[in-house]
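The values are calculated or read from the model by the stated rules, or taken from the named source; none is laboratory data. Computed from a predicted structure; not experimentally measured. With ideal geometry, Cβ positions are generated from the backbone for all residues, glycine too; neighbour counts draw on all protein chains shown.
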Ligand SMILES: [Zn+2]
Ligand SMILES: [Zn+2]
């Protein structure tokens, strides 16, 4: 039997992992539920499932930046004997773009693209990852909105997995969801098309990186954009893209990654390419683009909808968690200014801050201890070979080109060198 691999890998139209999983079952000539029960589920959960009736969880997201995505990627790399399937998900964007709501729960598709693929044969049909991005509302090529409901039975909620799932087909009635072009006026703006094109560019980035390299982290990117295009002013940047200043400052400080919507707006305003933004930070033009598009203040929900109860709930959840969430991060989730969260729930905010501070201190101590033992190990090895390492040699041996820029890291290196008499 010939092997199959994800369609259009390495391009902006790469197949999503959920589409590949469904197609893989088809390729094995079994239904999706059979593949799931006999091969996928046992790989994901090591406990024996014999005798129990395994159900496919209905709304599962395996194409985003989640633990589930990671588990499914590993599982299918093994099942399909493919080295790296992370490019079929948004996993390479962890820490680069906010994970929350980055992909939609249900599938979306361009009926014309589906039809075009079907013309080349059933084997050529797949669903690209870019259709699952929450920010992408339209097909750039056909300048039409992506669909989310079946043309036959009109049902939405088209989650990718169902017992007899097939790519391009409705999960309820099984109908083909492609459609030829219609001559109706399509409600697509230039900005929609811009976003669709930029998101394809974005999705193709992981494939151009040299082995072992990563995309730049969110805070690094936002700082660079602020400095190059907005003369170092986070507030000016916030104004230009219609974002709350408090949130932009949070992105800059690295408290949480910026969402895709923010990067799309920045790209529109600056004219910078995705590669410049996320890979090189070397911008060809540093003038703001002449785009006349003005952005409304980005608020997913009007302020009044955020009830006292939901603020308190979010804070309480953070308080019961491991402490990794700050009030600032909660405010971003709620799409509010941190100051508003503090004003409306001062006691809980204060408790969350204390909890978060303890977490930050503990993880800093842990990081320091880890770094200390790594430095000790590296220096001992140099000493064993009778070498007194230069800064460059140390940077390389520690795989940490920035270690001499950090005060505390410099101190650790100095202390450990003295200890070993180097
Ligand atoms: Zn299309
Ligand atoms: Zn249907």
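State whether one or more residues within the stretch 152-163 are in the same structural domain as residue 53 (by TED's automatic domain parsing), under 21 Å from the mean Cα position of the chain (by Cα), part of a loop (DSSP other than H, G, I, E, B) and at pLDDT 95 or above.
No, the stretch 152-163 contains no residue that is in the same structural domain as residue 53 (by TED's automatic domain parsing), under 21 Å from the mean Cα position of the chain (by Cα), part of a loop (DSSP other than H, G, I, E, B) and at pLDDT 95 or above.
Does at least one position in the stretch 101-108 carry a residue that is within 23 Å of residue 26 (Cβ to Cβ), within 13 Å of ligand 1 (Cβ to nearest atom), free of Cβ contacts under 8 Å to residues at least 60 places away in the same chain and over 21 Å from the mean Cα position of the chain (by Cα)?
The answer is no, given that none of the residues of the stretch 101-108 is within 23 Å of residue 26 (Cβ to Cβ), within 13 Å of ligand 1 (Cβ to nearest atom), free of Cβ contacts under 8 Å to residues at least 60 places away in the same chain and over 21 Å from the mean Cα position of the chain (by Cα).
Restricting to the stretch 174-188, give me the number of residues that are loosely packed, with under 13 Cβ neighbours inside 10 Å and more than 16 Å from ligand 1 (Cβ to nearest atom). Reasoning before the result, please.
As a first pass, look at the stretch 174-188 and keep what is loosely packed, with under 13 Cβ neighbours inside 10 Å: 180-185, 187.
Keeping just the survivors that are more than 16 Å from ligand 1 (Cβ to nearest atom) gives 185.
Number satisfying all stated conditions: 1.
For the stretch 150-173, enumerate the residues that are buried (at least 20 other Cβ atoms within 10 Å of the Cβ) and within 16 Å of ligand 1 (Cβ to nearest atom).
167, 168
Residues checked against (1) part of a loop (DSSP other than H, G, I, E, B); (2) at pLDDT 90 or above:
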site	(1), (2)
262	no, yes
267	no, yes
279	no, yes
288	yes, no
301	yes, no
310	no, yes
317	no, yes
339	no, no
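For every residue, the table says whether it meets (1) touching a residue at least 24 places away in the same chain (Cβ under 8 Å); (2) outside the structural domain of residue 242 (by TED's automatic domain parsing); (3) within 26 Å of residue 258 (Cβ to Cβ).
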position	(1), (2), (3)
310	yes, yes, yes
335	yes, yes, yes
352	yes, yes, yes
355	yes, yes, yes
361	no, yes, yes
374	yes, yes, no
377	no, yes, no
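Quick check: is even one residue across the stretch 131-147 more than 16 Å from ligand 2 (Cβ to nearest atom), closer than 22 Å to residue 87 by Cβ, in a helix (DSSP H, G or I) and touching a helix residue (DSSP H, G or I) at 6+ places or on another chain (Cβ under 6 Å)?
Within the stretch 131-147, not a single residue is more than 16 Å from ligand 2 (Cβ to nearest atom), closer than 22 Å to residue 87 by Cβ, in a helix (DSSP H, G or I) and touching a helix residue (DSSP H, G or I) at 6+ places or on another chain (Cβ under 6 Å).
Can you tell me which residue is nearest to ligand 2 (Cβ to nearest atom) among those in the stretch 93-128 that are touching a helix residue (DSSP H, G or I) at 6+ places or on another chain (Cβ under 6 Å) and over 30 Å from residue 253 (Cα atoms)?
109
Suppose we filter the stretch 125-149 for residues that are surrounded by fewer than 20 Cβ atoms within 10 Å (Cβ to Cβ) and either touching a residue at least 60 places away in the same chain (Cβ under 8 Å) or within 12 Å of residue 108 (Cβ to Cβ) (or both); how many remain? Can you show your working first?
Taking the stretch 125-149 and keeping what is surrounded by fewer than 20 Cβ atoms within 10 Å (Cβ to Cβ), we get 134, 137, 141-143, 145, 148-149.
Checking the rest, the ones that are also either touching a residue at least 60 places away in the same chain (Cβ under 8 Å) or within 12 Å of residue 108 (Cβ to Cβ) (or both) come to 134, 137, 145, 148-149.
Here the count works out to 5.
Can you pull out every residue in the stretch 372-416 that is part of a helix (DSSP H, G or I) and touching a helix residue (DSSP H, G or I) at 6+ places or on another chain (Cβ under 6 Å)?
At the first step, the residues of the stretch 372-416 found to be part of a helix (DSSP H, G or I) are 372-384, 391-397, 407-416.
Passing the criteria: 372, 375, 376, 378, 379, 397, 412, 413, 416.
Residues to consider are 54, 30; find the one that is surrounded by fewer than 21 Cβ atoms within 10 Å (Cβ to Cβ) and over 21 Å from residue 167 (Cα atoms). I'd like the intermediate steps shown before the answer.
Details: 30 fails: over 21 Å from residue 167 (Cα atoms).
The match here is 54.
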